[in-house]
Structure formats: structure tokens, C-alpha cells
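Encoded as C-alpha cells, the structure appears first; notes follow it.
The values are calculated or read from the model by the stated rules, or taken from the named source; none is laboratory data. Not measured: the values here are computed from a predicted model. Note: ideal-geometry Cβ built from the backbone for every residue, glycine included; neighbour counts use all protein chains shown. Just the protein is used for accessible areas: all its heavy atoms, side chains included, with ligands, DNA and RNA removed. Shrake-Rupley method; radii C 1.70, N 1.55, O 1.52, S 1.80 Å.
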Amino acid sequence: MGNFLDWLTAAGSGSMMSPLDWIIVAAYFIIILGVGLSVSRRAGKNAESFFLGGRSQPWWLLGFSMVATTFSTDTPNLVTDIVRRQGVAGNWSWWAFLLTGMLTVFIYARLWRRSGVLTDVEFYEMRYSGKWATFLRGFRAVYLGFLFNVLVMATVSLAAIKIGGILLGLTPFQTIFIASIVVLLICAISGFEGVLLTDFLLFILAMVGAIAAAVFSIGALPESVGGFSGMMETLKTDPKYENMLSIVPQGKDFFTLMLIPLAVQWWASYYPGAEPGGGGYLVQKMLAAKDEKNATGATLFFNVAHYALRPWPWIIVALASLFVFPTIPDIIAAFPHLKDTSIISHDAAYPAMLKFLPAGVLGVMMASLLAAYMSTIGTHLNWGASYMANDVYKRFIKPSASAKEVVWIGRISTLVLLIVSAFIAFRLTNAKQAFDLIVMMGAGTGLLLILRWFWWRINAICEFTAMIVSFVIAVALTFVLVRGGQTPADAVIGTEFICRVPGAPIINPMYHLPLNVAITTIAWLIVAFTTNPTDKKVLREFVAKTNPGGPGWKKVFKEAEADGQPIQTTAEATNIPKGILQMVLGCFSVYSALFATGYYLYGSWVPAVILTVVFVAAATTLTLTIVKKSK
């Protein structure tokens, strides 16, 4: 016990935090713990309460929770890494997912809510039939709830490790141990409702912290730069920073940084939080909504806040870091207390810039980072545990399990997921590795996830084929099809991830995603036309309950009428053309707001004003289509 106390006491010996900062962090933790305890009794009633908050949540609370979950400790690090390596335009690797998000808002959110499932993988036995449907539900629960889930949580924990090392003087193990205890206390006792309530506070605090970091990063610029305006002028005119501020990629980068994400990636790849057709923890929150309208409102709020509201404070910090810490050795030299310099990469520039925050403000920032960490890890743990408890344990191991037993399995799963993700975090060096690998692993599955709601011919074997082929191709391109010889870490997508296989790619990385998408899509389409479709009875029940609309179900309706069993739907069919129009208007609204903000910051008034006009026109038109629908 004495050794443990000595270890804990020495944990923060290199901390840059003042007593005031620690008081602020402690006060925040006490408040959050109190919120969790206040809802713990309701959370433990049954699985629906623990994992969905009783399906009675309002849009604004769910929307805040969605955006808080993606406001993670690794996100500003990832954006900083992208900007320092590829400039502002490099953010198209995730900006492109807005198209996916808006498609989910105006078409899929209401479909998920009316499905009535507890988890999105429960959907498989509602949409498909036979042993393949049952197998797919269990396989997908483990594949997504465990494999994908722990990869995402590991990137979040890696960011926490870097923040803990730079600002608090902690070792990677000390950081993960302390952070895990905090998260586990909240998630295991408070369930989904506790996550929602704390997320609301977390998002507000995280935004305050992000804006404060941007403001004080400008103050940290060398005097020779000349403040914010001087930084912008240098970035525009100095050849060393050519195209650093460009929102549209220039030259050869246009293909890889913008064209592929916009033309292929958004609809073809599965990425947690930006799944084509919705999925994962976003669906969990749609299912928790009071009704379809609240599910749609929550998802719309999330996409607006995620893409239009948050990026620029992070980008400003990343740009300022180019002048304060031009190279990785500069970051390492500024923090001689670092216990492990092997994990320091460009993404560490973000926490490094936080050293310039004054006492009190640093405490708020640390509390906001802790908030971001708790929000993301908390949601992923609750979501992953819902799969393990509902779709693995109750479905396959013990169908007769009581409600309380399922909740306890969820709590145990929470602990296991946390431990495994921590282990993987120790093997990573930067967040971009996992981001690229996850996008590649889900390449080619997106189109299927979009069409399965609207085309009767897709079956469970198609989905399984898409997952396996995509995974195999991703592993082959990342780890197998490489030449010998050491290369820089950022030259090969994912080559340092876990296996740390050195070598240069045989196939140019710019073609990896399109190639995987093409092979995977061809594979599952062949399966769709050569295997038996889903049982007619299951298809008819699915359409009767969800009524997705579109021409892909005409055959099912006609056959039902011919059999003298016409399908009686319980909901209005989706207006697909209108939904696509709203999706386009939503994208124009958010993109124009995002880029207008950037041009105002750049001092480029003409494009800023033009984009502001586009934003007003698109947002007004979109609002009119929504109001007309509600009437």
C-alpha cells in the first residue's frame, strides 16, 4: 500500500498545474460524480434504462451528447497533426463525412427510431432471416462493439497519454490508470442517462477550453511573427508555408485530400460517428429519443455543431504551433521532464501549446480535456457494453437472463473494454494511424449500409462478405503488400500500428481506398445476386414496421398483394427525393458557414461575404422545407 501511495504522490511531480488549477479540476470531478450518482438507481432498473435512458430523451440533450462524444481528447490532436503535415485542406479527410451525416439526418434517423431495436446490431434479425442473420448479429456485435470500439478508445487514450505526459509529468501507465478510474466510476454506475447529462456539461466546458487555447496560443507567438495578423500574413506569403491556409487542396494533393473523400470515402467507408446510414453510438442515441422528430433534430444539431462550430479553434492552435514548435525535437526540448519521448509526434503540438495558459485557465482547459475524454470513452463503453450484454450474452449465452443480470454483464463488459483499449493505446504513436486504418477496414461496406434499407435483395451474407473482404484487403494493403526497408512513419498508412511492420507500399497509398471499395463492392454484389434472399415473411414485417419507401421494395409489395396478404404499413413512407434535397441544402449550409468563418479569420473578405450569403440562402431554404413538413 505504501508503494502505491508513493507512486501516486510522485505521479504529478512534473506537473505544470498550479493549486488553483487542481482545485478547478477537482470541483469539476465532484460535480460530474454527483450527477452520475443522482441517476444511478434509475439506470440499474433494466437494460432499456441502462443503455437507452428509457427511450424518453429530448433532441437537444441527445444532440449535445452526440457532439460531446466526438469532441474527444484525440480530436484536437488529430486536427493538429493534419494541419502541420498537410495544411488546413487536409481536414477534408473528415470534413467529407458531413455528406454521410446529413444523409443520416434527413433519411435514416427517423427509420432507426421507428425500428424500435435496442442496439443497431439487433437490426440484423429484424431485417434478415435464418442462421446467417443470427450469426451476423453476434459477429457484428463483437466486430464493432469490441474490435472497432477498442481501436477508437485507444486513440482517445493515446491523446490522454500525451496530455498527461506533457502537462502533468505522468507516465503513460499513470495517465491511463488515473483516467480509467475516473471514467469507470461514472459509466458503471450511471448508465446511458448519466452519460447524457454529463455530456451536456462536458460540451460547454470543452468549447470554453478550446476557445481559450486558441486565444492564448496567439499570445504565445514569437514577437517576430507579429501576432495573429502577422501569422496569417506569413502563412500567406512565405514559400515555406505554401498552401498551408488553402481550404481547397492544390496540385496533386487535390486528388488524395479532397476528391477521394468527397467522391468515394463519405459513402463507401464505415467510421464510428460517421457511418453511412447511421450506426453505432449515434444510432444508440437516436433510439433513445422520444420520437422520430427528436431523433432527427438531435442528429441535425450534432452535424451542425461538429462541422461548423468546432474546427477553427483547433486549427488556430495548430497554425500557431508551427511558429512556436516548428519541429518534433522542438516539442521534446521544451518539456525535459517527459518520461517517454517515443510517442511524441506532430499531434503532440496541441497539448504542448497549452503550456502557455495562465493559472486558472489551465485548470479550466484540463477540466475540459478530462471532460472530452470522459464523454467519448463513456459513450463508447456504454455502447460497446450494450452489444456485449444484449447482443452476445442475452442473445447467445443466456437468453433467460434477468434485467438486472444483463445490466451487470454490461458493467463487467465496460471494465473489459476499458482494459483492452488501454493496452492498445500503449502500442500507438499517433491518432492518424488508427484513423487511416479504421477508414480502410470499413471501406466498401458503406454503400451496402445505405442500400440495405431500400433494396430487398441485400441479405445477411452480403454484409458478412463486405466486412470480411474489406478487412482482408485493408490488412493486405497496410501490412502485407510492402517492400522491405525502413521508411518514415507518415509515409506508409498504418505501418507502425501495433505490428510496426517497416516497409514502403507496393501500391501507391492514394489508390488504397478506391481499390478496397471497388473489390469489396463487387464481392458483396456478386453474393447478392447468387444467394437466396431474405425470407419473404421477414421482409414484409420489416417494411410494415419501418416503411423506408423507394422503388427497391415494389417487388415485395406486389408479391404480398398477389398472395392476398397486402402489407399494412404503420408509418409514412420516406420521401427520398425530398430527403436528398434537404441533405444537399444541409451540406451547403454547414460548409458555407465553416469556410466563411475561415475566410473571415484569414482577412479574405470577398469570399467570406459570398459564403455568408450562400449560408443564409441555403439555411433559410432548408428551414422552410422542414417547417412545411412539420405542418
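A few points about this structure:
- List D238, D199, ordered by accessible area with a 1.4 Å probe, largest first: D238, D199
- Estimated [θ] at 222 nm from DSSP helical runs (n ≥ 4, -39500 (n - 2.57)) normalised by residues in the chain, nearest 500: -20000 deg cm²/dmol
- Computed about the Cα centre, the dipole magnitude for the chain is approximately 1740 debye when only Lys and Arg (+1) and Asp and Glu (-1) carry charge, each at its Cβ.
- Carbon and sulfur %, accessible surface of the range 523-631 computed with the full protein complex present, 1.4 Å: 67
- Protein-only accessible surface at a 1.4 angstrom probe places the residues I331, I204, I567 in the order I204, I567, I331, largest first.
- Ratio of Rg to Rh over the range 279-381 (Cα coordinates, Kirkwood Rh, two decimals): 1.09
- A 1.4 Å probe, protein heavy atoms only, puts the accessible area of V225 near 20 Å².
- Whether the range 52-206 is rounded, prolate or oblate, judged on the alpha carbon gyration tensor where a/c under 1.5 counts as rounded: prolate
- Largest to smallest in accessible area, the residues E223, E242, E233 fall in the order E223, E242, E233 (1.4 Å probe, all protein chains included).
- Kirkwood hydrodynamic radius over Cα pairs of the range 510-631, then Stokes diffusion coefficient at 25 °C and 0.890 mPa s, in µm²/s: 131
- Rel. contact order, % - alpha carbon contacts under 8 angstrom, at least six apart, the chain: 24
- Sum of side-chain charges, M365 neighbourhood, beta-carbon under 12 Å (Lys, Arg +1; Asp, Glu -1): 0
- Prolate/oblate/rounded call for the range 209-340, Cα gyration tensor, a/c under 1.5 rounded: prolate
- Dipole size of the range 60-196 about its Cα centre, with +1 on Lys/Arg Cβ and -1 on Asp/Glu Cβ: approximately 320 debye, rounded to the nearest 20.
- The range 579-631 shape via C-alpha gyration tensor axes, a/c threshold 1.5: prolate
- Surface composition of the range 312-419: carbon and sulfur make up 68 percent of the accessible area, probe 1.4 Å.
- Put a plus charge on the Cβ of each Lys and Arg, a minus charge on the Cβ of each Asp and Glu, and nothing anywhere else: the dipole of the range 520-594 about its Cα centre is then about 60 debye.
- Kyte-Doolittle at least -0.5, axis length at least 24 Å by Cα - qualifying DSSP helices, the chain: 19-38, 149-168, 172-219, 361-386, 403-425, 512-530, 576-602, 605-630
- Calculated from the structure at hand, Rg/Rh (Cα atoms, Kirkwood Rh) is found among (i) 1.02; (ii) 0.99; (iii) 0.96 as (iii).
- For H337, solvent-accessible area (1.4 Å; no DNA, RNA or ligand), Å²: 60
- Options F426, V364, C587, ranked by Cα towards positive dipole end of the chain, top entry (Cβ charges): C587
- Which listed pairs, of K162/K240; K536/K558; K131/K398; K293/K545; K394/K537; K293/K578, have C-alpha distances above 20 Å, in listed order: K162/K240; K394/K537
- Rounded to the nearest 10 Å², the accessible area of F356 at probe 1.4 Å: 70
- Radius of gyration (Cα atoms) of the range 377-476, expressed as a multiple of 2.2 N^0.38 Å: 1.33.
- For the range 301-429, the solvent-accessible area with a 1.4 angstrom probe is 32 square angstrom per residue.
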